[in-house]
Amino acid sequence: MKTSPEKDHPISIREEICISCGVCSTVCMFSVIIMNEETGFPVISPHAPPCNRCGHCVAYCPVSALHMQGDEGNTSSLPDRVMITQKDIRDLVLSRRSVRQYQKKKVPREVLENLFDIVRYAPSAMNLQTVSWQVIYETEDVRTIGSTIISWMSRIIDEQRLQEFVIGSSFPYITHEWKKGRDLITHGAPHLLITYARPEGYTAATDAVIATSYLDLIAPVFHLGTCWAGVIRLAAERSPEVLAAMDLPLDTLPQTALLIGYPALRPYTIPYRKPAFVRWKV
Ligand SMILES: Cc1cc2nc3c(=O)[nH]c(=O)nc-3n(C[C@H](O)[C@H](O)[C@H](O)COP(=O)(O)O)c2cc1C
């Protein structure tokens, strides 16, 4: 086996298998892999930036001649064709709804683990894979976060600071309804998922939104419903008490919040959405 010229480089190329098709160098994001014109085999460019381990060279090699150090046993072969129709996808996207009525039934941990195991394949900037999930699994902990948010909102109302928040005008109604037993914060969801990251990870916010969207979209396939909880995310940003109730690792901040559980109701029609607003510069 030929190993790469840079000893800390993760890719190795097996020349005895390689068919010199050049696909690995074509798909390499930063041209880390180039073709050696003399030997006809791929090599690691001496001027290459660090490999970001996206794995495309390995994935696109038709003869498995490339190897990513550390990925042993963690890659799997791909069927010739992924059998999802355009109609399936359209149905999935159009039928997804924000769920605000949940069954009083917990989601087995294995089901959530299955979801995380799929969404970890979501794209991330520079393949940094910065997204981490905090599962608020116990329903009473979800409710504690809700009541901490209500306390925070009540304080904002008392201090007449509603204008500081885009949705501040809804705080009096939300707190009023809470007192009546109607939860407009966590909507009775059994679980809350929070993505978190260290604040200096400047790609983390986007990566978290993508991963959360993936989870949101595939959840119905597992008979689950979700609801983004921007209000929880906002409260965590502005209230140390709410942040503390999330119990995130030290020096990390929440990026997104998603309620999850089994829906108590089903929709019968697809609500109207604006036509796609698209400009074509041709
Ligand atoms: C970033 C974001 C934040 C949201 N925050 C909340 C929230 O705090 N509470 C809530 O009930 N719904 C929240 N939603 C859900 C939206 O209200 C919902 O997506 C929108 O009304 C469209 O309905 P649909 O998701 O069923 O298509 C949020 C959605 C997004 C994308």
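The values are calculated or read from the model by the stated rules, or taken from the named source; none is laboratory data. Values in this document were obtained by computation on a predicted structure and should not be read as measured data. In this analysis, Cβ positions are derived from the backbone assuming ideal geometry, glycine residues included, and neighbour counts consider all displayed protein chains. What goes into the accessible areas is simple: the full protein's heavy atoms, side chains included, and nothing from ligands, DNA or RNA. Shrake-Rupley method; radii C 1.70, N 1.55, O 1.52, S 1.80 Å.
Here are some notes:
- Screening residue 150 on (1) in contact with a Phe, Trp or Tyr (Cβ under 7 Å, 6 or more places away or on another chain); (2) more than 16 Å from residue 234 (Cβ to Cβ); (3) within 16 Å of the ligand (Cβ to nearest atom) shows it passes everything except condition (2).
- Counted residues, the range 247-270 - those being open to solvent by less than 50 Å² (accessible area, probe 1.4 Å) and within 14 Å of the ligand (Cβ to nearest atom): 9
- Filter result for residue 188 (on the phi > 0 side of the Ramachandran plot and either away from the ligand (no atom under 16 Å from the Cβ) or modelled with pLDDT of 95 or more (or both)): yes
- Among the residues of the range 196-246, the ones that are open to solvent by less than 60 Å² (accessible area, probe 1.4 Å), among the polar types (S, T, N, Q) and away from the ligand (no atom under 12 Å from the Cβ) come to 2 in all.
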